[in-house]
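The values are calculated or read from the model by the stated rules, or taken from the named source; none is laboratory data. Everything numeric here is computed off the predicted structure, so don't read it as measured data. Counting neighbours? That spans all protein chains shown, and the Cβs are built from the backbone with ideal geometry, glycine included.
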Amino acid sequence: MQHAKLLKNVHLLRFGQPFKTEAVVLPLSSFCTLSPKCIQVTQTDSTTVIHYPLELNDIVYGMGENTGSIDKRGKKFVCYCTDDHLHTPDKQSLYGSHPFLIVDKQNENKQPFGLFIDFPGEITFDIGFTNRNLLEVTIPSLDVDIYELHATNKKQIIHQFRQLTGTPYVPPRWGFGYQQCRWSYHDSNEVDKIINGFRSNDIPCDTIYLDIDYMVEYKNFTIDNNKFPNFAKYVAEKKQQGIRLIPIIDAGVPVSAGYSVYEEGVENGYFCKQADGDQFEAAVWPGLCVFPDYLNSDVRQWWGNQYRQLIEQGIEGFWNDMNEPALFYSKQGIEQVHEMMDQMRSNDCKVQDFFKLNDMVRGLSNNREDYKSIYHTTKDGEIVNNHDVHNLYGLNMTRAAAEGFAQICPEKRILLFSRASGIGAHRYAGIWLGDNMSWWEHILLNIRMMPAINMCGFLYSGADVGGFGCDASADLLIRWTQFALFMPLFRNHAAGTRYQEPFAFDEYTTTTIREHIKLRYMMIPYIYSEYMRAVQNNDCYCWQLGFEYSDTRSARVDDQLLLGHSMMCTPIYTENARGRHVYLPEPMLLWKVAHHTGREMCQLPAGDHWLDLQLDELPVFIRPNKMLPLTDTADNVDAQALTHLEVLVNLHNEASYTLYHDDGVSRAYQQGDFAELVLAVKFDTNSPDGVAVNAQVMCGYIPYQQITFHIITSSGDRIIKNIRL
Ligand code: GLC
């Protein structure tokens, strides 16, 4: 019998017989099943409602991939994975469903608490929108698991939540390089042209993405040989050039006789059904599609194995798309539109009818009635309606892929991220934030989403840099890159717009972005190390400031982020700005990186500052007694020599840093096969320059042979010291 460790501070309230979402990895016996400490729960006919009275200064963090500021108060959100390319402030649902929040009491005598609703269908969070003093969560069911998490601080709540939901996905180290995408680079000639653009402009790049046009008629797992002749050879050649090709895989399967994935799925009954038992069909990019029933483990196994066809041709990464699932229209929907048009014709086209038709046409896509007509059959033979378990679909597509990879290449890490997600999907893959726009507001949205997504365990994430829709201006791309270069997933993507590769504008833009991307490559030892430490310690990589600092100002900062243990970023996200206000909760070292003025450094005291920032100037803040390890840049991650570490040290009295390193490609780290290098710097009156440095390999293999410490003391003195390992 399994004896689970009791998590005394996690209270589970189980109502009825909840659907097994598998969001939580711990057995039921791990939780206290006492009554809740904070929330009130009531059940009526078919609904469960949670109430919590909000105090005036309470802050609500969380809700993952959603619009709004970092404090979610004053808004309403609906957890229901939705393909919505227009991320305007009024939107209540985007691609992911992340029903986890933390209520933070701005009161020394009261502790924060976390709330997680483990329910696979629609959940409405009214966070002081209808009534400013009330948090109200509505679940349209009597079967639900509700978790209340208690701890003395918010970080501990994150630790607990991660214990519940499992360890985040780890990509290969090359997945931390710069990545370039566009819908589409149509054929090998165009891909080559883009690669040449990077290499001839001396801009590092690790991957080029293949959007749906690489396939034959948008059929997953096929390659159009006219566009990519001898694909396996081509993939190998690109790898030689330091570029990995990353194909897209869509959730739907085109209805097409003779297409093996379709035929096999039909034969085995692997696709979702309608109420009458026929296959559910709706249109996505290829036209009419059927939808694999990813909730069934047999289907997952079959689907996961399909990736083998591409992996055997040398592919090492994928992005899973359209898996909310996106439905452009169903036959029934189109039928209703036809009826409406007939009615209009016989009715002399009344204005009201025009608006009705307009709404009807717009409502064709991702229509709730269509989701309600989809049925899943689980491995146990249970039949469930998609609407009731809607948020599990994309998650299980991603799970199918990840479980497939574990079978196909158990030793190796495969790059994977998804568009739709739910709680628990972070164990299988990262996410990207879907179809944003080349709007300045979307840089800010990107900044604000990152800590909320990290709270749910999605550490490998990022938005389409430069914006997916609309034409990007050169300035917008520069400023967006200045933020995104700190994010684990750093990918520029657009569709149907002007080209927005770093070299697609003018000389100034190319030079500026080149410098920024090179800075990213220099920071990879730090970003990777902090990522892995967040994985190991149940932490986040991106933090809202209030998770680290207890002052009331920090709790409300929502345009600056802490990145790992040492760094803070303060991006510019407004057009034509040449500076911004920055709040420092403690004194910090400012490293201003620019291509025309070089690299300036200065100590700044705690408090408010105005920073002048020309278009090419990028601020990096290093916290007191912390370090930022850097290495030499290269064309791509695998080409980085990793012989020399340059460490920036903000020395106030004693600084230390533990650098994590591993082979970057295998899963051996899971068995403890990784290295740690501990760096230490302190004031020392016995040393001629007044400072002592130390570097010690604690475990594993560290490739660096030479370490140069660039020490900037709190009084602004600069000392350089070298150590050979
Ligand atoms: C969806 C994806 C986008 C992709 C496009 C074509 O809109 O979100 O990233 O480029 O489909 O596949």
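Just name the residue that is surrounded by the most Cβ atoms within 10 Å (Cβ to Cβ) out of those in region 403-424 that are aliphatic (A, V, I, L, M) and within 16 Å of the ligand (Cβ to nearest atom).
Only one residue fits best here, namely Ala420.
Could you tell me which numbered condition Pro171 fails, if it satisfies all but one of (1) in contact (Cβ under 8 Å) with a residue 24 or more places away in the chain; (2) within 16 Å of the ligand (Cβ to nearest atom); (3) in a loop (DSSP other than H, G, I, E, B)?
(2)
Examine region 317-324 for a residue that is touching a strand residue (DSSP E or B) at 6+ places or on another chain (Cβ under 7 Å), closer than 30 Å to Asn225 by Cα, buried (at least 18 other Cβ atoms within 10 Å of the Cβ) and among the charged types (D, E, K, R), and state whether such a residue exists.
So far as region 317-324 goes, yes, one or more of its residues are touching a strand residue (DSSP E or B) at 6+ places or on another chain (Cβ under 7 Å), closer than 30 Å to Asn225 by Cα, buried (at least 18 other Cβ atoms within 10 Å of the Cβ) and among the charged types (D, E, K, R).
Answer yes if at least one residue in region 395-406 is part of a strand (DSSP E or B) and at negative phi, and no otherwise.
Taking every residue of region 395-406 in turn, none turns out to be part of a strand (DSSP E or B) and at negative phi.
Would you mind stating whether Gly434 is part of a loop (DSSP other than H, G, I, E, B), within 16 Å of the ligand (Cβ to nearest atom) and under 13 Å from the mean Cα position of the chain (by Cα)?
Here the answer is yes, as Gly434 does meet what is asked.
List pairs: first in region 188-203 and farther than 25 Å from Asp224 by Cα, second charged (D, E, K, R), Cβ under 7 Å, 6+ apart or cross-chain?
Arg199/Asp635; Asn201/Arg514; Asp202/Arg514; Ile203/Arg514
Please verify whether region 501-512 includes one or more residues that are buried (at least 20 other Cβ atoms within 10 Å of the Cβ), over 17 Å from the mean Cα position of the chain (by Cα) and part of a helix (DSSP H, G or I).
Yes, that holds for at least one residue.
Quick check on my filter: what residues within region 295-324 are touching a Gly at 6+ places or on another chain (Cβ under 6 Å) and away from the ligand (no atom under 16 Å from the Cβ)?
Answer for region 295-324, where residues must be touching a Gly at 6+ places or on another chain (Cβ under 6 Å) and away from the ligand (no atom under 16 Å from the Cβ): Gly304, Asn305, Tyr307.
Do we have Asp475 as within 16 Å of the ligand (Cβ to nearest atom), of a type in the set (D, E, K, R) and surrounded by fewer than 24 Cβ atoms within 10 Å (Cβ to Cβ) here?
no
Where residues in region 218-235 are over 15 Å from Ile311 (Cβ atoms) and within 29 Å of the chain's Cα centre (by Cα), which of them is nearest to the ligand (Cβ to nearest atom)?
So, considering only residues that are over 15 Å from Ile311 (Cβ atoms) and within 29 Å of the chain's Cα centre (by Cα), the one nearest to the ligand (Cβ to nearest atom) is Tyr218.
Say we look at region 26-40 and pick out the residues that are surrounded by 14 or more Cβ atoms within 10 Å (Cβ to Cβ) and of a type in the set (A, V, I, L, M); which of these is farthest from the chain's Cα centre (by Cα)?
Applying the filter and picking the extreme gives Ile39.
Being closer than 23 Å to Tyr262 by Cβ, surrounded by 15 or more Cβ atoms within 10 Å (Cβ to Cβ), within 16 Å of the ligand (Cβ to nearest atom) and not hydroxyl-bearing (Ser, Thr, Tyr), is that true of even one residue in region 328-345?
yes
Confirm whether Glu267 is surrounded by fewer than 18 Cβ atoms within 10 Å (Cβ to Cβ), in a helix (DSSP H, G or I) and away from the ligand (no atom under 16 Å from the Cβ).
yes
Out of all the residues in region 463-472, which are surrounded by 24 or more Cβ atoms within 10 Å (Cβ to Cβ) and either under 12 Å from Ile447 (Cα atoms) or touching a residue at least 60 places away in the same chain (Cβ under 8 Å) (or both)?
Ala463, Asp464, Val465, Phe468
Taking region 437-461, which residues are polar (S, T, N, Q) and away from the ligand (no atom under 16 Å from the Cβ)?
Across region 437-461, the qualifying residue is only Asn454.
Give the residues of region 588-647 that are loosely packed, with under 15 Cβ neighbours inside 10 Å, at positive phi and at pLDDT 95 or above, sorted by residue number.
Listed by number, the list holds a single entry, Gly607.
What tally of residues in region 1-25 results from selecting those that are assigned to a loop (DSSP other than H, G, I, E, B) and of a type in the set (A, V, I, L, M)?
The total comes to 6.
All but one of (1) under 27 Å from the mean Cα position of the chain (by Cα); (2) of a type in the set (Gly, Ala, Ser); (3) more than 25 Å from His442 (Cβ to Cβ) hold for Gly598, so report the exception by its number.
That leaves (1) as the condition not met.
What are the residues in region 236-264 that are away from the ligand (no atom under 16 Å from the Cβ), assigned to a loop (DSSP other than H, G, I, E, B) and in contact (Cβ under 8 Å) with a residue 12 or more places away in the chain, if any?
Matches in region 236-264: Gln241, Gly242, Ile243, Val255, Ser256, Tyr259.
If a residue counts only when it is closer than 25 Å to Tyr521 by Cβ and in contact (Cβ under 8 Å) with a residue 12 or more places away in the chain, which strands (runs of 3 or more DSSP E) contained entirely in region 574-678 have at least 1 such residues?
Counting at least 1 such residues, we get 588-594, 598-604, 607-612, 618-622, 627-630, 644-651, 654-661.
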